[in-house]
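See structure below.
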Amino acid sequence: MLEKTFSPKDIESRQYARSEAAGAFKPKGNGTPYCIMMPPPNVTGSLHIGHGLTMTIQDILVRYHRMLGDDVLWQPGTDHAGIATQMVVERELAKEGLTRQQLGREKFLERVWQWKEQSGGTILEQLRRLGASADWSRARFTMDDGLSAAVRKVFVDLYQQGLIYKDTRLVNWDTKFQTAISDLEVQAVDTQGAYYHIAYPLVNGGHITVATTRPETLFGDAAVAVHPEHPTLAQYIGQQVRLPLTDRTIPIIADSYADPEKGTGAVKITPAHDFNDFEVGKRHNLEQINILNRDGTLNDQVPAAYQGMDRLKARPLVVKALEQAGLLVKVEPVTHTVPMGDRSNSVIEPYLTEQWFVKADTLAAPALEAVRTGISRFVPENWQATYFHWLENIQPWCISRQLWWGHRIPAWYAPDGQCFVAENADAAHEQAFTRFGKHVDLQQDNDVLDTWFSSGLWPFSTLGWPEHTPALAQFYPNTVLVTGFDIIFFWVARMLMLGIHCMGGVPFKDIYIHALVRDEHGQKMSKSKGNVIDPLEVIDQYGADALRFTMAIMAAQGRDVKLSLARVEGYRNFATKLWNASRFAEMNGARLDPAYDPRLSTTALHVWLYDAIQQTAITVTAALDAYKFNEAAEALYHCLWNTFCDWYIEFAKVSLNGNDADAKAETQAMLGWALDQLTRLLHPFMPFITDELAQNMGFNNQPLTLATWPMLAALADQQASRDMAFVQELITQVRALKAEMNIAPGAMLVASIKQADTDAQRVLQQQEALLLRMARLSRIDQDAEAGGMAVVVVGCTLILQVGAVLDVAKEQARLDKETVAIIAEMQQLDSKLSNDNFVARAPAHVVEEYRNRKEELTLKQGKIRETLARLGSLAG
RNA sequence: GGGCGGUUAGCUCAGCGGUAGAGCGUCUCGUUUACACCGAGAGGGUCGGGAGUUCGAAUCUCUCACCGCCCACCA
């Protein structure tokens, strides 16, 4: 027996445990492979609403495909998330008044591992609460032994192929974390600043003015550049200027990088602190003068007064000194963008260091080709433009980080600095022995790899690569990747590049890109705004099924998900509705009869419901195949609530409460049949409640994800559906008329039928009981002469006998109004149908529809006219 | 500066060539034993402006306006 009230909390953990115990989430070992790699959440993170969306979508797909009979692997795991995790642990240390430097590398890493062990399971537990049916027995962590081995192997391979190399060049330097970061980790932030116009005195007298937003960098200037054809400044080319506040002189050089239209036309060149200037410097063999320490303070290349001072604090002092020297020409306030670290929120400096790089352009070419030729495809397609643009302009990928938490770079250095790249220390020593002819002490590179390097291998490293495992053979390439657009560059592109390179083929066929979850007004959720919706609180309050269904129905392609709790509440109500409908069925003796086939029924009601569910199943199946989760959810919502609950169940009460035992038995079988189908169709969206219902009502004794997906044959004959549509229309019209005339909905009226065509006569006779109950009529007389209010439909006119309540004038006015509406519509149709172009050029079925509609309206109009005539005689 | 997306009922959004839809909210009525986390009914939109293509445009093209996001840009 189902409980009277639906209580998600009670059933969720029970049903989840039941599925896991049944091994329902593991690949079944045969069938078409279907594999999704779960984007590994940060190991120390916790579930946020974005996970709610992405994991719901993935879970819908895998549950659906299990039901289709595929061999499904949803591979879960977690990411070590280099900077993010290190930050968290450093914050913990700070509470104890400690720094990682005080602790030392080894001790610090122990602390991080401790933290990982302690909090690493949290998010996986939370994913279970959402209902995620991943194969947890296969869970991986990016720093597992196997995955680390894969990382080292890829690094060594790419190094040997010349695709990983060490280089000294400008990188984005985070002065807070004191590490290099990649271009992607830099955010351009609009900032209020100023152009400082500074006069650089010419050695030969006079001066040349440059403009800069970073005056403190002048200590690193190596030249001033002007355009070789600059109308007024080109004459200075070759002269020397005195660099203000220093005793250096630097040359004025000609370079077309100097844009005559910008600034003063002359531009200071600071090769060690600006990406463009670096290139100019290389062209002109300029000295690269590094003026910064790793923490962003000025070093001994600047005048003593500024040494050790943070470059941003030094800026106003430099400006002041220039002013005092009479060299500050003007200060022009300006809003410009400043690069900021996405984690540190500190100003990023171009900084000259030696780092490891991946030659990304080489790897990008086949990754571009794979999407161009459709081997991998983006859904929705428009994201491929973003992908193309980035890969076509890709820069070398800086993969080394001056952090401690991560995969340590597998490179070892001899005392003389020679570098040996190998998968382990022994192999490095061997190389060194070969080189030097004797054993030498080697020191491993201190840096670790960018987190995204290891996640780039996720589609195959989790399957056991480089071993040739059965899982790898079965599940690579993965079927579909589901992720947000925010990591297309960070992750998707890298997986494609590395997957194609290492595996010789793309990592996944489809790439489904979903949107971001925002609050109900479209604002990004953030703690500071206080508009964060915690998925776990939502689950506590409304249940996981409600949250999942909300996510699914709001996940229209190409649009952000604006989540409001009102919507979640609405879909909680939907779950309750399903629960109560099932309770009704149970209380009325519904049962699943394997022998029962509604297609063979002689009762239009059941055939009609079969048809409705069959069409819903088709819609849902097609929508899921096309990743249109909202369409699938919408169709199910409508079918269950409107069709099944509002109409079928109400109709069913007639036979359930009636005296015809056979009719009652069939209705019980149909209720069982329908709920079995509906719970299966709903299962991918609402796994908990559907499993609970199916188990309790004896539809399935195994978890529904192992049940089969409804594949129903379409009905050739739609007569039953037409009959029921006719009955529904009559009922709706009677109800509306009662409401309009202020007659109590429950008032049992006598009706009489006029002007019925043969089809209508047949349906009225067959479905009389349904009509009486739902329209609240006490009796239907055939063709009785009685005055009353008319419900006019195409097939017949139904006169409601309201006796003395009838106000003839009012009724005439109502029917006149209806006639006006009909005439207006007919005029529209006529304008179409009388247009030769329309008749000639529109598709035949469209013209046919218009003609049919016109014919219907003509019939209706005729019936209204007759009704009015009869009313007239009554009045007269 | 380059690119992508958006502008449809009070709110949040579907629909994307064939007579404008949903949920929530609003209004009226309703305890007919599955469900008030409910039922019945109603109101509400010249689909951002303009032009074009078409027999026909919310839907395709162009254009303008406004709103997002991404990339590039620290003279």
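Shown in residue order for the range A:749-758 are the 3J(HN,Hα) couplings computed by the Karplus curve 6.51 cos²θ - 1.76 cosθ + 1.60 at θ = phi - 60°: 9, 8, 10, 10, 9, 10, 6, 7, 7, 5 Hz (x for Gly and Pro). Measuring between their Cα centroids, the range A:126-202 and the range A:424-444 lie 29 Å from each other. Across every direction, the projection of the convex hull enclosing the Cα atoms of the range A:407-547 has a mean area of 13.8 nm².
Take the alpha carbon gyration tensor of the range A:243-386, find the square roots of its eigenvalues, order them as a ≥ b ≥ c, and report rounded if a/c is under 1.5; if not, report prolate when a/b exceeds b/c, else oblate. Please report the intermediate quantities before stating the final value.
Values: a/c = 2.16, a/b = 2.00, b/c = 1.08.
Note, shape of the range A:243-386 comes out prolate.
Label point of A:Trp136 set 7 angstrom out along Cα-Cβ; within the range A:41-63, amide nitrogens under 20 Å from it belong to A:41-49, A:51-63. Taking a point 7 Å out from the Cα of A:Asp157 in the direction of its Cβ, the residues of the range A:400-421 whose backbone N falls within less than 18 Å of it are A:410-411, A:421. PRE reach from A:Asp807 (point 7 Å along Cα→Cβ): which of the range A:731-775 fall under 16 Å by backbone N? Within reach of a label on A:Asp807: A:737-744.
If packing is taken as the mean number of other Cβ atoms within 10 Å per residue, what is the order of A:827-837, A:490-500, A:634-644, A:43-53, highest first?
Details: A:827-837: 12.2, A:490-500: 24.5, A:634-644: 19.7, A:43-53: 21.4.
Top of the packing list down: A:490-500, A:43-53, A:634-644, A:827-837.
Of all lysines in the structure, the ones whose alpha carbon falls short of 19 Å from that of A:Lys832, not counting any fewer than 8 places away in one chain, are A:Lys854. If R0 is taken as 51 Å, the Cβ-Cβ distance between A:Asp836 and A:Arg559 corresponds to a FRET efficiency of 0.75.
Send over the semi-axes of the range A:549-638's equivalent ellipsoid, whole angstrom and largest first, taken as the square roots of 5 times the C-alpha gyration tensor eigenvalues.
On the way: eigenvalues 178, 70, 15 Å².
Ellipsoid semi-axes (Å, largest first): 30, 19, 9.
Spatial offset of the range A:761-817 relative to the range A:22-38 amounts to 58 Å, using the alpha carbon center of each. One equal scatterer on each Cα of the range A:820-876, no solvent, Debye formula: the resulting log10 I(q)/I(0) at q = 0.19, 0.25, 0.30 Å⁻¹ is -0.69, -0.95, -1.13. Placing a pseudo-label 7 Å from each Cα along the Cα-to-Cβ vector at A:Lys95 and A:Asp259 gives an inter-label distance of 4.9 nm.
Can you tell me how the range A:75-177 classifies by the Cα gyration tensor, rounded, prolate or oblate, using a/c under 1.5 as the rounded cut?
Working: a/c = 2.15, a/b = 1.12, b/c = 1.93.
Oblate, because a/c is 1.5 or more while a/b does not exceed b/c.
Using Cα atoms only, what is the angle between the long axis of helix A:82-95 and the major principal axis of chain A, expressed in degrees (0 to 90) to the nearest 10? Around 80 degrees separate the two axes.
Rank-order A:692-698, A:392-398 by packing density, defined as the average count of other C-beta atoms within 10 Å over each peptide's residues, highest first. Display every interim value, and only then the final one.
Details: A:692-698: 21.0, A:392-398: 16.7.
Descending packing order for the listed peptides: A:692-698, A:392-398.
Out of the DSSP beta bridges found with both residues in chain A, what percent are antiparallel (nearest 5)? Approximately 70 percent, going by the DSSP bridge assignments. What is the range A:255-297 by shape, rounded, prolate or oblate, if you read a ≥ b ≥ c off the alpha carbon gyration tensor as root eigenvalues and call it rounded for a/c under 1.5, prolate for a/b larger than b/c, and oblate otherwise? Cα axes put the range A:255-297 in the oblate bin.
Segment A:Val203..A:Leu312, full-extension length gain: 36.3 nm, with 0.36 nm per residue of separation and the alpha-carbon distance subtracted. When peptides A:613-626, A:268-281 are sorted by average Cβ neighbour count within 10 Å, with the highest value leading, the order is A:268-281, A:613-626. Partners of A:Lys262 within straight-line reach, counting lysines whose Cα lies under 25 Å from its Cα and excluding those fewer than 8 residues away in the same chain: A:Lys282, A:Lys320, A:Lys330.
Averaging 1/r over each pair of different alpha-carbon atoms in the range A:3-146 and inverting the result gives 17.1 Å, the Kirkwood hydrodynamic radius.
Cβ-to-Cβ counts within 10 Å put A:Phe453, A:Phe6 in ascending order as A:Phe6, A:Phe453, the fewest first. Derived from the Cα gyration tensor, the three semi-axes of the equivalent ellipsoid of the range A:496-620 are 38, 26, 13 Å, largest first. Here A:Lys153 is the anchor, and the lysines within straight C-alpha reach of less than 18 Å, apart from those fewer than 8 places off in the same chain, are A:Lys166, A:Lys359.
Can you tell me, using C-alpha contacts under 8 Å and at least 6 residues apart, the relative contact order of the range A:510-645 as a whole percent?
Details: 122 pairs, mean separation 34.3, N = 136.
Across the range A:510-645, relative contact order equals 25 percent.
Length available on full extension from A:Glu106 to A:Asn276: 0.36 nm per residue minus the Cα-Cα distance, which gives 57.3 nm. Going down the table (A:Lys26/A:Lys577; A:Lys28/A:Lys628; A:Lys738/A:Lys863; A:Lys562/A:Lys628; A:Lys577/A:Lys653; A:Lys529/A:Lys562), which pairs top 24 Å between alpha carbons? Correct reply: A:Lys26/A:Lys577; A:Lys28/A:Lys628.
Rg/Rh for the range A:464-537 stands at 1.16; both radii use Cα atoms, and Rh follows the Kirkwood definition. By other beta-carbon atoms within 10 Å, ranking A:Leu605, A:Leu93 with the fewest at the front produces A:Leu93, A:Leu605.
Taking all Cα pairs closer than 8 Å and separated by 6 or more residues, the relative contact order of chain A comes to 12 percent.
Spin-label pair A:Gln702-A:Lys653: with each label point 7 Å from Cα along the Cα-Cβ axis, the two points sit 3.9 nm from one another. Equivalent-ellipsoid semi-axes for the range A:638-729 (Cα gyration tensor, √(5λ), whole Å, largest first): 26, 17, 13.
If you look at the Cα atoms of chain A, you get an Rg and a Dmax of 37.3, 125 Å. In a reduced charge model with +1 at each Lys and Arg Cβ and -1 at each Asp and Glu Cβ, the range A:736-876 shows a dipole moment near 240 debye about its Cα centre.
When restricted to Cα atoms, the range A:716-865 yields an Rg and a Dmax of 17.2, 54 Å, respectively. Multiplying the residue separation of A:Thr335 and A:Thr191 by 0.36 nm and removing their Cα-Cα distance gives an extension gain of 51.3 nm. If one takes the longest principal axis of the Cα atoms in chain A, at what angle in degrees, from 0 to 90 and to the nearest 10, does the Cα axis of helix A:844-875 lie? It is inclined by approximately 40 degrees. Compared with the dominant principal axis of the Cα atoms in chain A, helix A:49-67 is inclined by about 60°. Relative to its residue count, the range A:199-247 spans a Cα convex hull of 85 Å³ per residue.
Helix content alone sets the calculated 222 nm mean residue ellipticity of chain A: runs of n ≥ 4 DSSP H residues at -39500 (n - 2.57) each, divided across all residues, give -14000 deg cm²/dmol.
Each reported figure results from applying straightforward, stated rules to the coordinates on display, with no laboratory input. Computed from a prediction, not measured in an experiment: that's the story for all the values here. Quick reminder, even Gly has a Cβ in these numbers, built from the backbone with ideal geometry, and neighbours come from all protein chains shown.
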